[in-house]
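Here the structure comes first, spelled out in structure tokens, and everything after it is commentary.
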Amino acid sequence: MKHLLIVFALLMFLACKNDKTATNVSENKLDLKNLVITPELVDSLKKNRIDKLTQLRKTVGRVCEQISKGGYVYFKIKVDSNGAYSEISVPNQEDENTRIFVDCIEKYIVDNNFDFGIIREMPDSKYGAIPRIKSYTLRVY
């Protein structure tokens, strides 16, 4: 019985020593060169981007609240597949308050180094997925 317990403890020690699943996980951004694109990954990245945009909408509503004057403002933001934004605009409004609001959003994004998250599409041909710029319209209260 003693020998069985010692053998079992030794096997557990070796199994834990050889288990490297926790050390293989990188805390850095995803390695895009070795990334296998699956439908689950695409869905996960899309959900991550939506969560980050929701967080941005709520935070901008608090940071730039005096500019929206108690109402709500729609703004459109264009984000490429690597998570970098290229343009922020407020549709159907061009006045001084609109420009100040856009500047407030841009300042928040730059000051906080806001990450929109990468997004990938399923490859639709042998050439792979084409990176696309996506446009999102967010409503800030």
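A few comments on the model shown:
- Condition check for Gly83: on the phi > 0 side of the Ramachandran plot and at pLDDT below 70: no
- Selection from segment 99-140 of residues that are modelled with pLDDT under 80 and of a type outside the set (A, V, I, L, M): Arg120, Glu121, Pro123, Asp124, Ser125, Lys126, Tyr127, Gly128, Pro131, Arg132
The values are calculated or read from the model by the stated rules, or taken from the named source; none is laboratory data. Owing to the predicted nature of the structure, the values given are computational and were not obtained by experimental measurement.
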